[in-house]
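The values are calculated or read from the model by the stated rules, or taken from the named source; none is laboratory data. Predicted model only: the values in this text are computed from it and were never measured. All Cβ positions, even for glycine, are placed from backbone atoms using ideal geometry, and neighbour counts span all protein chains on display. Note: accessible area is taken over every heavy atom of the protein model, side chains too, but ligands, DNA and RNA are not part of it. Shrake-Rupley method; radii C 1.70, N 1.55, O 1.52, S 1.80 Å.
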Amino acid sequence: NITRDLKHEMIQLANNSSRQQVWNMWKRCFGDPDNYMELYFRDKYRPENTLLYMEGTTAVASLQMLDYKFSFHGKEIPVIYLSGVCTLPEYRKRGYTRALLIEGFNVAKRRGVPLMLLVPQEKWLMELYAKYGFARAFDPGTAELPSLKELMSKHRWNLREAYNEFDRYYRKQDMTVQKTFDDFKAIVDEGALFDFPPKKNLIGMARVIDAQYLLSLFDEGYKGKPFAISVKDELIEENNIALPAQAEATGHVAIQVDIGDLAQLLLGYHTGEREEPYSKIFPEKSPVMNFMLE
């Protein structure tokens, strides 16, 4: 019901015949070199994960919903990473990005994905996405990440062995985007295109899609003072909830948050700097997002 004001017939998932239109739109909006685009469209682009806004038979806006896993309070959850959100210049300022994002939230809900992530490239984009419930939850790194080139050389360019070491390092870290072997192969191929430039952790934003589920996961590992929480979300009705995090407990501390605050609190983003009771309830973490084919 959150998309009742949209023209459903205008938004659709891509298909095999849409690929060239998506390619052309990406090229025109972002201007990336063909060798990078060939890698992206080979390894990441999937029509079933691509939403299009159509004007007649022409795709005029699109976004990609890439599948990843994310370590969250000791568990791994599915997340959608938004990529390639764009609108052709002559069709901008018509609300197409908003329509695609809201439909993306619906897709995530149908697929049981409780969290959405993205990396804004400009400050104004961070302000734009904040209007749709995204909140900054990942800080840019100051130190260079371990070199993929050195890692590959160490393992004599054996992808599987290098991935195993890479995976062991990141898999144990909480609040971190995890990579499959295929993800790792793609980031190595991307690095090779540009002679393995130095990489750092990325600034990023998070958007809660299923507040109740994420709160339940947090609750499973929560050992602090009982609390009750009410959440406000202007775009996803189901997230407007009021519940005790521990139903059997008494004497709850009551807190109220909007959906952006909830993302920051659940991911432990600078929670130690917040006032009580937030700083006491939500332990501080160090959310990490990197090597996203940026």
message = Can you tell me which of (1) surrounded by fewer than 18 Cβ atoms within 10 Å (Cβ to Cβ); (2) at pLDDT 95 or above is the one GLY74 doesn't meet?
response = (2)
key: Check on LEU293, in contact (Cβ under 8 Å) with a residue 40 or more places away in the chain, open to solvent by 60 Å² or more (accessible area, probe 1.4 Å), in contact with a helix residue (DSSP H, G or I) (Cβ under 6 Å, 6 or more places away or on another chain) and within 30 Å of LYS123 (Cα to Cα)   = no
inquiry  = Return the pair list, or none, for Cβ contacts closer than 7 Å from residues in segment 262-275 that are in a loop (DSSP other than H, G, I, E, B) to residues that are among the hydrophobic types (A, V, I, L, M, F, W, C), at least 6 apart or on different chains.
reply    = LEU267/ALA137; LEU267/MET175; LEU267/ALA206; GLY268/MET175; GLY268/PHE282
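With the condition kept exactly as written, say whether any residue in segment 253-260 is free of Cβ contacts under 8 Å to residues at least 24 places away in the same chain and either in contact with a helix residue (DSSP H, G or I) (Cβ under 9 Å, 6 or more places away or on another chain) or among the small types (Gly, Ala, Ser) (or both). Spell out how you get there, then give the answer.
The first filter runs over segment 253-260 and keeps only residues free of Cβ contacts under 8 Å to residues at least 24 places away in the same chain, leaving none.
No, the conditions are met nowhere in segment 253-260.
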Hits in segment 139-156 - residues which are open to solvent by 50 Å² or more (accessible area, probe 1.4 Å) and either within 15 Å of ASP182 (Cα to Cα) or in a helix (DSSP H, G or I) (or both) = LYS149, GLU150, SER153, LYS154
task = Scan segment 129-148 and report the pairs whose first residue is at positive phi and whose second residue is part of a helix (DSSP H, G or I), with Cβ atoms within less than 9 Å and a gap of 6+ or a chain change.
result = GLY133/PHE105; GLY133/ASN239; GLY133/ILE259; GLY133/GLY260; GLY133/ALA263
